[in-house]
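A quick write-up on the structure given underneath.
The values are calculated or read from the model by the stated rules, or taken from the named source; none is laboratory data. Not measured: the values here are computed from a predicted model. Please note: Cβ atoms are built from the backbone with ideal geometry, for glycine as well, and neighbour counts cover all protein chains shown. Protein only, heavy atoms only, side chains kept; ligands, DNA and RNA dropped before computing areas. Shrake-Rupley method; radii C 1.70, N 1.55, O 1.52, S 1.80 Å.
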Amino acid sequence: MKEPYRLMINGGVLSPGELKYICEAAEFLGLDAISFGSRQDIIFPEEIDESKFSQFDKIQFVKPKSDGVENIASSYVSSEILPSTSWLTGERYLYVLEQFKHNPKLRINVIDPKQRLVPLFTGNVNFIASEYEDYWYLYLRLPDWKKTKMYPALIYSWDMGKVELAIENILIEEPETIETVFDLVSDAIDTNNRTVNKPLEVPFYPFPYYEGMNRIGTDRYWLGLYWRNNRYDIPFLKAMCDLCSENKIGKISITPWKSFIVKGIPLHAKLQWEKFLGKFGINVRHSMLEMNWHLPVNDKEALNLKKYLVTNFDQNDISTYGLTFGITSYDSDTYNFTSIVIEKNKLPSSIGDFKIRDTYNLLYAKNFDPNTRKYIMHVQDVDKVELPGLLMELSQLYFKQLGTEREEEKQLELNKETFKEAVYQCKECLTIYNEIYGDVTQNIAPNTTFESLSETYECSLCEAPKSSFEKKILIK
(Lines give C-alpha, C1' and ligand atoms only; values in the text may rest on other atoms or scores of the structure.)
Protein backbone atom coordinates (compact mmCIF):
# COMPACT_ATOMS: atom_id res chain seq x y z
CA MET A 1 0.00 0.00 0.00
CA LYS A 2 1.10 3.57 -0.67
CA GLU A 3 2.08 5.79 2.21
CA PRO A 4 -1.22 6.96 3.76
CA TYR A 5 -2.19 10.60 4.02
CA ARG A 6 -1.80 12.10 7.48
CA LEU A 7 -3.33 15.17 9.05
CA MET A 8 -1.06 17.22 11.27
CA ILE A 9 -2.65 17.73 14.71
CA ASN A 10 -0.56 20.26 16.63
CA GLY A 11 0.49 18.58 19.90
CA GLY A 12 -2.18 15.90 19.43
CA VAL A 13 -4.85 18.42 20.57
CA LEU A 14 -7.96 19.42 18.61
CA SER A 15 -11.44 20.71 19.28
CA PRO A 16 -14.62 18.64 18.77
CA GLY A 17 -15.48 20.95 15.87
CA GLU A 18 -12.14 20.29 14.17
CA LEU A 19 -12.47 16.53 14.61
CA LYS A 20 -16.01 16.57 13.23
CA TYR A 21 -14.84 18.57 10.20
CA ILE A 22 -12.10 15.97 9.59
CA CYS A 23 -14.65 13.16 9.90
CA GLU A 24 -16.95 14.85 7.40
CA ALA A 25 -14.03 15.24 4.99
CA ALA A 26 -13.10 11.57 5.40
CA GLU A 27 -16.72 10.56 4.82
CA PHE A 28 -16.92 12.67 1.64
CA LEU A 29 -13.69 11.04 0.41
CA GLY A 30 -15.28 7.59 0.77
CA LEU A 31 -13.88 6.45 4.14
CA ASP A 32 -15.90 4.82 6.91
CA ALA A 33 -13.15 5.14 9.58
CA ILE A 34 -10.02 7.08 10.50
CA SER A 35 -6.91 5.95 12.38
CA PHE A 36 -4.40 7.55 14.72
CA GLY A 37 -0.61 7.59 14.39
CA SER A 38 2.22 7.32 16.91
CA ARG A 39 2.98 11.04 16.44
CA GLN A 40 -0.53 11.88 17.71
CA ASP A 41 -1.66 12.65 14.18
CA ILE A 42 -4.73 11.45 12.23
CA ILE A 43 -4.38 8.98 9.38
CA PHE A 44 -6.68 8.33 6.42
CA PRO A 45 -5.99 4.58 6.28
CA GLU A 46 -7.10 3.94 2.68
CA GLU A 47 -6.40 5.42 -0.74
CA ILE A 48 -8.47 8.51 -1.44
CA ASP A 49 -9.27 10.79 -4.38
CA GLU A 50 -6.68 13.56 -4.15
CA SER A 51 -8.58 15.77 -6.61
CA LYS A 52 -11.21 16.46 -3.93
CA PHE A 53 -8.73 17.85 -1.38
CA SER A 54 -9.39 21.45 -2.48
CA GLN A 55 -12.90 21.25 -1.04
CA PHE A 56 -11.44 21.02 2.47
CA ASP A 57 -9.16 24.02 2.73
CA LYS A 58 -8.93 23.82 6.52
CA ILE A 59 -7.09 20.49 6.34
CA GLN A 60 -3.42 20.00 5.54
CA PHE A 61 -3.00 16.58 3.90
CA VAL A 62 0.63 15.41 4.03
CA LYS A 63 2.78 12.38 3.41
CA PRO A 64 5.69 12.89 5.82
CA LYS A 65 8.25 10.87 3.84
CA SER A 66 7.65 12.83 0.63
CA ASP A 67 6.42 16.18 1.96
CA GLY A 68 8.94 16.40 4.80
CA VAL A 69 6.39 17.76 7.29
CA GLU A 70 6.23 16.29 10.80
CA ASN A 71 3.60 16.45 13.54
CA ILE A 72 4.38 18.02 16.90
CA ALA A 73 3.84 15.55 19.76
CA SER A 74 3.03 16.67 23.31
CA SER A 75 2.00 15.32 26.68
CA TYR A 76 -0.97 17.71 26.88
CA VAL A 77 -3.07 14.54 26.86
CA SER A 78 -1.70 13.61 30.31
CA SER A 79 -2.32 17.01 31.91
CA GLU A 80 -4.71 16.81 34.89
CA ILE A 81 -5.01 13.03 34.77
CA LEU A 82 -1.43 11.82 35.45
CA PRO A 83 1.46 13.00 37.68
CA SER A 84 2.72 16.31 36.30
CA THR A 85 5.15 19.18 36.73
CA SER A 86 3.29 21.73 38.87
CA TRP A 87 3.64 24.73 36.55
CA LEU A 88 2.89 22.83 33.32
CA THR A 89 -0.90 23.21 33.08
CA GLY A 90 -3.12 22.44 30.14
CA GLU A 91 -3.34 26.13 29.28
CA ARG A 92 0.45 26.44 29.35
CA TYR A 93 0.76 23.63 26.79
CA LEU A 94 -1.69 25.39 24.47
CA TYR A 95 0.20 28.70 24.69
CA VAL A 96 3.50 26.94 23.94
CA LEU A 97 2.09 24.95 21.01
CA GLU A 98 0.69 28.14 19.46
CA GLN A 99 4.28 29.31 18.85
CA PHE A 100 4.92 26.73 16.16
CA LYS A 101 3.32 28.49 13.21
CA HIS A 102 5.57 26.95 10.54
CA ASN A 103 5.39 23.44 9.10
CA PRO A 104 8.17 21.67 11.03
CA LYS A 105 10.61 19.51 9.11
CA LEU A 106 11.89 17.95 12.33
CA ARG A 107 9.99 15.88 14.87
CA ILE A 108 9.24 18.07 17.88
CA ASN A 109 8.26 16.79 21.33
CA VAL A 110 6.89 19.03 24.10
CA ILE A 111 6.89 16.77 27.13
CA ASP A 112 6.39 16.60 30.89
CA PRO A 113 8.97 14.17 32.37
CA LYS A 114 6.70 13.27 35.30
CA GLN A 115 4.16 11.41 33.16
CA ARG A 116 4.67 8.09 31.35
CA LEU A 117 1.93 8.07 28.69
CA VAL A 118 3.88 10.06 26.10
CA PRO A 119 7.54 9.10 25.44
CA LEU A 120 10.20 11.73 26.03
CA PHE A 121 12.89 11.23 23.41
CA THR A 122 11.14 10.15 20.20
CA GLY A 123 11.64 13.51 18.49
CA ASN A 124 14.58 15.17 16.80
CA VAL A 125 13.93 18.20 19.02
CA ASN A 126 12.75 17.20 22.50
CA PHE A 127 11.64 19.99 24.85
CA ILE A 128 11.31 18.51 28.36
CA ALA A 129 9.94 20.57 31.25
CA SER A 130 12.40 21.51 34.00
CA GLU A 131 11.62 22.31 37.64
CA TYR A 132 11.99 26.01 36.83
CA GLU A 133 8.76 27.60 35.68
CA ASP A 134 8.68 28.22 31.92
CA TYR A 135 12.10 26.65 31.30
CA TRP A 136 12.75 23.48 29.34
CA TYR A 137 15.61 21.08 28.82
CA LEU A 138 16.35 20.54 25.15
CA TYR A 139 17.56 17.15 23.91
CA LEU A 140 18.54 16.91 20.26
CA ARG A 141 18.88 13.95 17.96
CA LEU A 142 19.30 15.50 14.54
CA PRO A 143 18.68 13.32 11.46
CA ASP A 144 22.32 12.22 11.05
CA TRP A 145 23.03 11.79 14.76
CA LYS A 146 23.03 8.36 16.37
CA LYS A 147 22.65 9.62 19.94
CA THR A 148 20.49 12.15 21.74
CA LYS A 149 22.48 15.04 23.24
CA MET A 150 21.55 17.67 25.83
CA TYR A 151 21.60 21.31 24.75
CA PRO A 152 23.80 23.26 27.21
CA ALA A 153 21.09 25.75 28.27
CA LEU A 154 17.47 25.74 29.40
CA ILE A 155 15.05 27.20 26.87
CA TYR A 156 12.45 29.81 27.83
CA SER A 157 8.86 28.84 26.98
CA TRP A 158 8.32 31.78 24.66
CA ASP A 159 11.56 31.10 22.74
CA MET A 160 10.79 27.47 21.87
CA GLY A 161 9.28 28.10 18.44
CA LYS A 162 12.09 30.34 17.20
CA VAL A 163 14.78 28.07 18.69
CA GLU A 164 13.38 25.06 16.81
CA LEU A 165 13.12 27.06 13.57
CA ALA A 166 16.72 28.25 14.01
CA ILE A 167 17.81 24.62 14.41
CA GLU A 168 16.03 23.71 11.17
CA ASN A 169 17.73 26.60 9.38
CA ILE A 170 21.25 25.55 10.44
CA LEU A 171 20.87 21.94 9.26
CA ILE A 172 22.32 22.95 5.90
CA GLU A 173 25.65 23.39 7.73
CA GLU A 174 25.43 19.78 9.01
CA PRO A 175 26.46 20.48 12.62
CA GLU A 176 28.08 17.45 14.21
CA THR A 177 28.22 18.50 17.86
CA ILE A 178 25.77 20.01 20.32
CA GLU A 179 28.28 22.80 20.99
CA THR A 180 28.22 23.77 17.30
CA VAL A 181 24.43 23.82 17.32
CA PHE A 182 24.45 26.06 20.39
CA ASP A 183 26.91 28.49 18.83
CA LEU A 184 25.00 28.70 15.53
CA VAL A 185 21.64 29.18 17.21
CA SER A 186 23.06 31.81 19.58
CA ASP A 187 24.46 33.72 16.59
CA ALA A 188 21.15 33.53 14.73
CA ILE A 189 18.64 34.62 17.40
CA ASP A 190 18.37 36.36 20.76
CA THR A 191 16.99 34.15 23.53
CA ASN A 192 16.27 34.29 27.24
CA ASN A 193 18.15 31.08 28.07
CA ARG A 194 18.92 29.90 31.58
CA THR A 195 22.01 28.04 32.76
CA VAL A 196 21.72 24.27 33.22
CA ASN A 197 22.57 23.61 36.86
CA LYS A 198 22.06 19.86 36.80
CA PRO A 199 21.17 17.14 34.29
CA LEU A 200 17.57 16.08 33.76
CA GLU A 201 16.28 13.51 36.22
CA VAL A 202 13.42 11.35 34.93
CA PRO A 203 11.50 9.51 37.64
CA PHE A 204 10.31 5.99 36.90
CA TYR A 205 6.56 5.41 36.67
CA PRO A 206 4.86 2.19 35.49
CA PHE A 207 2.95 2.57 32.24
CA PRO A 208 -0.56 3.82 33.14
CA TYR A 209 -3.93 2.30 32.32
CA TYR A 210 -5.60 4.94 30.17
CA GLU A 211 -9.03 3.59 29.19
CA GLY A 212 -12.54 3.99 30.56
CA MET A 213 -14.32 6.63 32.64
CA ASN A 214 -12.13 8.07 35.41
CA ARG A 215 -12.68 10.87 37.91
CA ILE A 216 -10.86 14.23 37.89
CA GLY A 217 -11.27 16.01 41.22
CA THR A 218 -14.80 16.03 42.61
CA ASP A 219 -16.97 17.11 39.70
CA ARG A 220 -15.49 15.91 36.41
CA TYR A 221 -14.39 12.77 34.55
CA TRP A 222 -12.04 11.85 31.76
CA LEU A 223 -12.70 9.11 29.22
CA GLY A 224 -10.06 7.05 27.42
CA LEU A 225 -11.06 5.11 24.29
CA TYR A 226 -9.00 2.41 22.58
CA TRP A 227 -9.98 0.25 19.60
CA ARG A 228 -7.70 -2.67 18.95
CA ASN A 229 -7.86 -2.40 15.14
CA ASN A 230 -7.14 1.37 15.14
CA ARG A 231 -10.14 2.03 12.88
CA TYR A 232 -12.45 4.52 14.58
CA ASP A 233 -15.89 4.59 12.97
CA ILE A 234 -16.85 7.98 11.58
CA PRO A 235 -20.55 7.94 12.65
CA PHE A 236 -19.47 7.29 16.25
CA LEU A 237 -16.83 10.04 16.21
CA LYS A 238 -19.24 12.61 14.74
CA ALA A 239 -21.88 11.82 17.36
CA MET A 240 -19.22 12.01 20.09
CA CYS A 241 -18.11 15.44 18.86
CA ASP A 242 -21.71 16.66 19.10
CA LEU A 243 -21.94 15.31 22.66
CA CYS A 244 -18.68 17.09 23.56
CA SER A 245 -20.08 20.36 22.24
CA GLU A 246 -23.30 19.83 24.20
CA ASN A 247 -21.25 19.32 27.39
CA LYS A 248 -19.00 22.34 26.60
CA ILE A 249 -15.89 20.13 26.30
CA GLY A 250 -13.32 22.13 24.35
CA LYS A 251 -10.50 19.68 23.59
CA ILE A 252 -9.93 16.08 22.52
CA SER A 253 -6.43 14.59 22.87
CA ILE A 254 -4.77 11.86 20.81
CA THR A 255 -2.24 9.53 22.49
CA PRO A 256 0.85 7.94 20.85
CA TRP A 257 -0.81 4.54 21.51
CA LYS A 258 -3.43 5.08 18.78
CA SER A 259 -6.19 5.98 21.19
CA PHE A 260 -7.72 9.23 22.41
CA ILE A 261 -8.86 10.90 25.63
CA VAL A 262 -11.73 13.27 26.38
CA LYS A 263 -11.23 15.36 29.53
CA GLY A 264 -13.74 17.48 31.44
CA ILE A 265 -16.92 15.39 31.28
CA PRO A 266 -19.26 17.00 33.88
CA LEU A 267 -20.39 14.91 36.82
CA HIS A 268 -24.04 15.34 35.83
CA ALA A 269 -23.31 14.02 32.30
CA LYS A 270 -21.58 10.78 33.35
CA LEU A 271 -24.70 8.65 32.90
CA GLN A 272 -25.41 10.32 29.56
CA TRP A 273 -21.93 9.34 28.32
CA GLU A 274 -22.25 5.77 29.59
CA LYS A 275 -25.55 5.41 27.73
CA PHE A 276 -23.95 6.91 24.63
CA LEU A 277 -21.09 4.38 24.72
CA GLY A 278 -23.58 1.56 25.25
CA LYS A 279 -25.68 2.70 22.29
CA PHE A 280 -22.67 2.33 19.99
CA GLY A 281 -21.49 -0.89 21.67
CA ILE A 282 -18.14 0.60 22.71
CA ASN A 283 -15.90 -1.59 24.88
CA VAL A 284 -14.01 0.38 27.53
CA ARG A 285 -12.66 -2.59 29.46
CA HIS A 286 -9.72 -3.81 27.41
CA SER A 287 -6.98 -5.61 29.31
CA MET A 288 -3.65 -3.90 29.85
CA LEU A 289 -2.29 -6.89 27.93
CA GLU A 290 -3.69 -5.27 24.76
CA MET A 291 -3.23 -1.57 25.38
CA ASN A 292 0.50 -1.38 26.06
CA TRP A 293 1.61 -2.23 22.50
CA HIS A 294 3.07 -0.01 19.81
CA LEU A 295 2.64 -1.33 16.25
CA PRO A 296 3.34 0.13 12.81
CA VAL A 297 0.21 1.67 11.25
CA ASN A 298 -1.83 -0.63 8.99
CA ASP A 299 0.60 -3.53 9.45
CA LYS A 300 -1.61 -6.63 9.47
CA GLU A 301 1.33 -8.95 10.05
CA ALA A 302 2.36 -7.04 13.19
CA LEU A 303 -1.26 -6.95 14.40
CA ASN A 304 -1.59 -10.73 13.94
CA LEU A 305 1.67 -11.30 15.83
CA LYS A 306 0.41 -9.11 18.67
CA LYS A 307 -2.88 -11.07 18.84
CA TYR A 308 -0.95 -14.34 18.94
CA LEU A 309 1.28 -13.13 21.79
CA VAL A 310 -1.53 -11.50 23.80
CA THR A 311 -3.59 -14.71 23.54
CA ASN A 312 -0.65 -16.68 24.95
CA PHE A 313 -0.22 -14.18 27.79
CA ASP A 314 -3.92 -14.38 28.59
CA GLN A 315 -3.99 -18.19 28.54
CA ASN A 316 -1.04 -18.29 30.92
CA ASP A 317 -2.51 -15.58 33.18
CA ILE A 318 0.59 -13.39 32.83
CA SER A 319 0.65 -9.82 34.14
CA THR A 320 2.42 -7.16 32.09
CA TYR A 321 1.42 -4.18 34.26
CA GLY A 322 3.88 -1.35 33.80
CA LEU A 323 5.55 -2.87 30.72
CA THR A 324 5.19 -1.76 27.10
CA PHE A 325 5.89 -3.78 23.95
CA GLY A 326 6.85 -2.72 20.44
CA ILE A 327 6.95 -4.67 17.18
CA THR A 328 9.38 -3.44 14.57
CA SER A 329 11.37 -4.73 11.60
CA TYR A 330 14.99 -4.70 10.52
CA ASP A 331 14.42 -1.79 8.10
CA SER A 332 12.37 0.39 10.43
CA ASP A 333 13.53 3.98 10.91
CA THR A 334 11.43 4.45 14.05
CA TYR A 335 12.97 5.21 17.42
CA ASN A 336 12.18 2.56 20.04
CA PHE A 337 10.21 3.83 23.04
CA THR A 338 8.83 0.67 24.64
CA SER A 339 10.18 -1.48 27.49
CA ILE A 340 10.51 -4.54 25.26
CA VAL A 341 11.08 -4.61 21.50
CA ILE A 342 10.27 -7.53 19.19
CA GLU A 343 12.37 -7.05 16.08
CA LYS A 344 11.73 -9.07 12.94
CA ASN A 345 14.91 -9.96 11.07
CA LYS A 346 15.50 -9.46 7.37
CA LEU A 347 15.02 -12.70 5.46
CA PRO A 348 18.09 -13.99 3.60
CA SER A 349 17.80 -14.57 -0.13
CA SER A 350 16.19 -17.92 -0.94
CA ILE A 351 17.05 -20.38 -3.68
CA GLY A 352 14.26 -21.86 -5.81
CA ASP A 353 11.18 -22.96 -3.83
CA PHE A 354 13.09 -23.26 -0.57
CA LYS A 355 11.10 -21.57 2.21
CA ILE A 356 12.91 -19.61 4.88
CA ARG A 357 11.39 -19.13 8.32
CA ASP A 358 10.89 -15.74 9.95
CA THR A 359 13.11 -15.08 12.95
CA TYR A 360 13.03 -12.44 15.65
CA ASN A 361 15.27 -10.66 18.13
CA LEU A 362 14.14 -9.58 21.60
CA LEU A 363 15.55 -6.45 23.21
CA TYR A 364 14.66 -4.78 26.49
CA ALA A 365 15.41 -1.32 27.86
CA LYS A 366 17.83 -0.96 30.75
CA ASN A 367 15.78 -1.32 33.96
CA PHE A 368 12.86 -1.85 31.54
CA ASP A 369 12.67 1.94 31.37
CA PRO A 370 12.71 3.21 27.74
CA ASN A 371 13.70 6.68 28.94
CA THR A 372 17.21 5.32 29.56
CA ARG A 373 17.49 4.99 25.74
CA LYS A 374 19.75 1.97 26.27
CA TYR A 375 18.59 -1.41 24.94
CA ILE A 376 19.96 -4.82 25.83
CA MET A 377 19.79 -7.78 23.44
CA HIS A 378 18.04 -10.68 25.20
CA VAL A 379 17.93 -13.28 22.40
CA GLN A 380 18.54 -13.37 18.65
CA ASP A 381 17.17 -15.36 15.71
CA VAL A 382 14.34 -17.15 17.50
CA ASP A 383 11.18 -18.60 15.95
CA LYS A 384 7.71 -17.14 16.44
CA VAL A 385 6.66 -20.10 18.60
CA GLU A 386 9.49 -19.31 21.04
CA LEU A 387 8.42 -15.69 21.55
CA PRO A 388 5.59 -16.19 24.11
CA GLY A 389 7.79 -18.13 26.54
CA LEU A 390 10.69 -15.70 26.16
CA LEU A 391 8.44 -12.66 26.67
CA MET A 392 6.97 -14.26 29.79
CA GLU A 393 10.53 -14.82 30.99
CA LEU A 394 11.30 -11.12 30.45
CA SER A 395 8.06 -10.12 32.21
CA GLN A 396 9.06 -12.18 35.25
CA LEU A 397 12.55 -10.64 35.17
CA TYR A 398 10.94 -7.18 35.17
CA PHE A 399 8.89 -7.87 38.29
CA LYS A 400 11.82 -9.56 39.99
CA GLN A 401 14.13 -6.57 39.56
CA LEU A 402 11.43 -3.89 39.83
CA GLY A 403 12.89 -1.32 42.18
CA THR A 404 15.91 -3.51 43.02
CA GLU A 405 18.43 -1.80 40.74
CA ARG A 406 17.25 1.62 41.83
CA GLU A 407 17.60 0.65 45.48
CA GLU A 408 21.10 -0.60 44.76
CA GLU A 409 21.93 2.69 43.04
CA LYS A 410 20.60 4.64 46.04
CA GLN A 411 22.67 2.50 48.41
CA LEU A 412 25.79 3.10 46.35
CA GLU A 413 25.13 6.83 46.63
CA LEU A 414 24.70 6.53 50.41
CA ASN A 415 27.92 4.56 50.68
CA LYS A 416 29.91 7.21 48.86
CA GLU A 417 31.97 9.57 50.96
CA THR A 418 30.02 12.72 51.70
CA PHE A 419 31.64 15.80 50.21
CA LYS A 420 30.95 19.51 50.13
CA GLU A 421 30.58 21.60 47.00
CA ALA A 422 30.65 25.38 46.85
CA VAL A 423 28.16 27.18 44.59
CA TYR A 424 27.03 30.79 44.31
CA GLN A 425 23.34 31.65 44.51
CA CYS A 426 21.58 34.83 43.41
CA LYS A 427 19.69 36.33 46.37
CA GLU A 428 17.07 37.83 44.03
CA CYS A 429 15.87 34.81 42.02
CA LEU A 430 17.84 31.89 43.57
CA THR A 431 19.64 31.03 40.32
CA ILE A 432 22.83 29.05 41.01
CA TYR A 433 26.24 29.65 39.46
CA ASN A 434 28.13 26.36 39.61
CA GLU A 435 31.80 26.63 38.69
CA ILE A 436 31.72 23.10 37.29
CA TYR A 437 29.21 24.11 34.60
CA GLY A 438 30.11 27.77 34.07
CA ASP A 439 27.43 29.86 32.38
CA VAL A 440 26.97 29.01 28.74
CA THR A 441 24.39 31.78 28.31
CA GLN A 442 27.19 34.32 28.81
CA ASN A 443 29.99 32.35 27.14
CA ILE A 444 31.63 31.46 30.45
CA ALA A 445 33.42 28.15 30.11
CA PRO A 446 33.05 25.24 32.55
CA ASN A 447 35.47 25.25 35.52
CA THR A 448 35.58 29.06 35.64
CA THR A 449 35.87 30.22 39.27
CA PHE A 450 33.36 32.74 40.55
CA GLU A 451 36.18 35.02 41.74
CA SER A 452 37.61 35.26 38.24
CA LEU A 453 34.31 36.47 36.76
CA SER A 454 34.24 40.08 35.64
CA GLU A 455 32.63 42.56 38.05
CA THR A 456 30.14 43.28 35.27
CA TYR A 457 28.85 39.71 35.46
CA GLU A 458 25.06 39.55 35.89
CA CYS A 459 22.62 36.80 36.86
CA SER A 460 21.61 34.89 33.73
CA LEU A 461 17.94 35.04 34.73
CA CYS A 462 17.15 38.30 36.55
CA GLU A 463 20.28 40.32 35.61
CA ALA A 464 21.15 41.06 39.23
CA PRO A 465 24.82 42.14 39.68
CA LYS A 466 27.63 39.82 40.75
CA SER A 467 27.44 41.29 44.25
CA SER A 468 23.97 39.75 44.66
CA PHE A 469 25.44 36.25 44.68
CA GLU A 470 26.13 34.49 47.99
CA LYS A 471 28.41 31.54 48.49
CA LYS A 472 26.52 28.39 49.54
CA ILE A 473 27.85 24.97 50.53
CA LEU A 474 26.03 21.98 49.13
CA ILE A 475 26.56 18.75 51.05
CA LYS A 476 26.47 15.64 48.87
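With a Förster radius of 35 Å, plug the Cβ-Cβ distance of E470 and T89 into 1/(1 + (r/R0)^6) and report the FRET value to the nearest 0.05. All intermediate terms of the calculation are to be shown ahead of the outcome.
Working: r = 32 Å, r/R0 = 0.93.
After rounding, the FRET efficiency stands at 0.60.
Any chance you could run the full-extension gain for E301 through K58? It's 0.36 nm times the residue separation minus the Cα-Cα distance, nm to one decimal.
Working: separation 243, 0.36 × 243 = 87.48 nm, distance 3.45 nm.
Between E301 and K58, full extension yields an extra 84.0 nm.
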Practice prompt. Could you pull out the trypsin sites (Lys or Arg not before Pro) across the range 231-305 that fall in loop regions by DSSP (anything but H, G, I, E, B) with no more than 11 other Cβ atoms inside 10 Å?
Written response: K248, R285
Item to complete: Could you provide, to the nearest whole Å², the per residue accessible area of the range 54-94 with probe 1.4 Å?
Response: 47
Practice prompt. Could you tell me which of rounded, prolate or oblate describes the range 115-256, using a ≥ b ≥ c as the square roots of the eigenvalues of the alpha-carbon gyration tensor, with rounded for a/c under 1.5 and, failing that, prolate when a/b is larger than b/c and oblate otherwise?
Written response: prolate
Worksheet entry | Residue (of I376, T359, I444) at the positive-pole extreme of the chain, dipole from beta-carbon charges | T359
Discussion item. If DNA, RNA and ligands are ignored and the probe is 1.4 Å, what is the ranking of Y156, Y139 by accessible area, most exposed first?
Written reply: Y156, Y139
Item to complete: Provide the solvent-accessible area of R141, counting protein heavy atoms only and rolling a 1.4 Å probe, rounded to the nearest 10 Å².
Response: 40
Discussion item. Once neighbouring chains are kept in place and the probe is 1.4 Å, which whole percent of the accessible area of the range 160-318 is contributed by carbon and sulfur?
Written reply: 48
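Among the listed pairs K238/K258; K147/K263; K146/K400; K101/K238; K52/K105, which have their C-alpha atoms separated by more than 24 angstrom in this model? Walk me through the numbers on the way to the answer.
Values: K238/K258 18 Å; K147/K263 36 Å; K146/K400 32 Å; K101/K238 28 Å; K52/K105 26 Å.
Violating the 24 Å limit, Cα to Cα: K147/K263; K146/K400; K101/K238; K52/K105.
In the range 78-145, which GluC sites (Glu not before Pro) are in a loop and have at most 12 other Cβ atoms within 10 Å, using DSSP for the loop call?
Values: sites: E80, E91, E98, E131, E133; in loops: E80, E98, E131, E133.
Within the range 78-145, the qualifying GluC sites (Glu not before Pro) (loop, at most 12 other Cβ atoms within 10 Å) are E98, E133.
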Worksheet item: Rg(Cα) of the range 255-307 divided by 2.2 N^0.38 Å?
Response: 1.47
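Just reorder R373, R6 by solvent-accessible area, largest first, 1.4 Å probe, all chains present.
The most accessible residue leads, giving R373, R6.
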Practice prompt. Set the Förster radius R0 to 35 Å, insert the Cβ-Cβ distance between S329 and F28 as r into 1/(1 + (r/R0)^6), and round the FRET efficiency to 0.05.
Written response: 0.55
Worksheet, complete the sentence: Taking a crude spin-label model, label points 7 Å out from Cα along the C-beta direction, the K384 to E3 distance in nm is 2.9
Worksheet, complete the sentence: Under the 7 Å Cα-to-Cβ spin-label approximation, L200 and H268 lie apart by a distance in nanometres of 4.3
Worksheet item: How large is the Kirkwood hydrodynamic radius of the range 195-354, in angstrom, based on all distinct alpha carbon pairs?
Response: 18.6
Item to complete: Within the range 295-347, list the chymotrypsin sites (Phe, Trp or Tyr not before Pro) lying in a DSSP loop whose Cβ has at most 12 other Cβ atoms in a 10 Å radius.
Response: Y330
Item to complete: Please express the Cα-Cα pair-distance distribution P(r) of the range 195-255 as a list of whole percents, one per 10 Å bin, running from 0 to the bin with the greatest distance.
Response: 14, 38, 24, 16, 7, 0
Discussion item. If I model a spin label as a point 7 Å beyond the Cα along the Cα-Cβ vector, how far apart are those points for K101 and M150 in nm?
Written reply: 3.4
Item to complete: Note down the accessible area of D314, probe 1.4 Å, to the nearest 10 Å².
Response: 100
Discussion item. Rg over Rh of the chain, using C-alpha atoms and the Kirkwood radius, what does it come to?
Written reply: 0.99
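With every protein chain kept in place and ligands, DNA and RNA left out, what is the accessible area per residue of the range 212-254? Probe 1.4 Å, answer in Å². Each step should come with its number before you reach the end.
Working: 1810 Å² over 43 residues.
For the range 212-254, the solvent-accessible area averages 42 Å² per residue.
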Item to complete: Multiply the residue separation of L347 and N443 by 0.36 nm, subtract the distance between their alpha-carbon atoms, and state the gained length in nm to one decimal.
Response: 29.3 nm
Worksheet item: For I172 and N283 in one chain, what is 0.36 nm times their gap in residues minus the Cα-Cα distance, to one decimal in nm?
Response: 35.0 nm
Discussion item. Can you compute the FRET efficiency between E455 and W158 using 1/(1 + (r/R0)^6), with r the Cβ-Cβ distance and R0 = 35 Å? Round to the nearest 0.05.
Written reply: 0.70
Discussion item. Please report the antiparallel percentage of DSSP beta bridges with both residues in the chain, rounded to the nearest 5.
Written reply: 80
Item to complete: Any chance you could look up the accessible area of K374 with a 1.4 Å probe, heavy atoms only, rounded to 10 Å²?
Response: 120
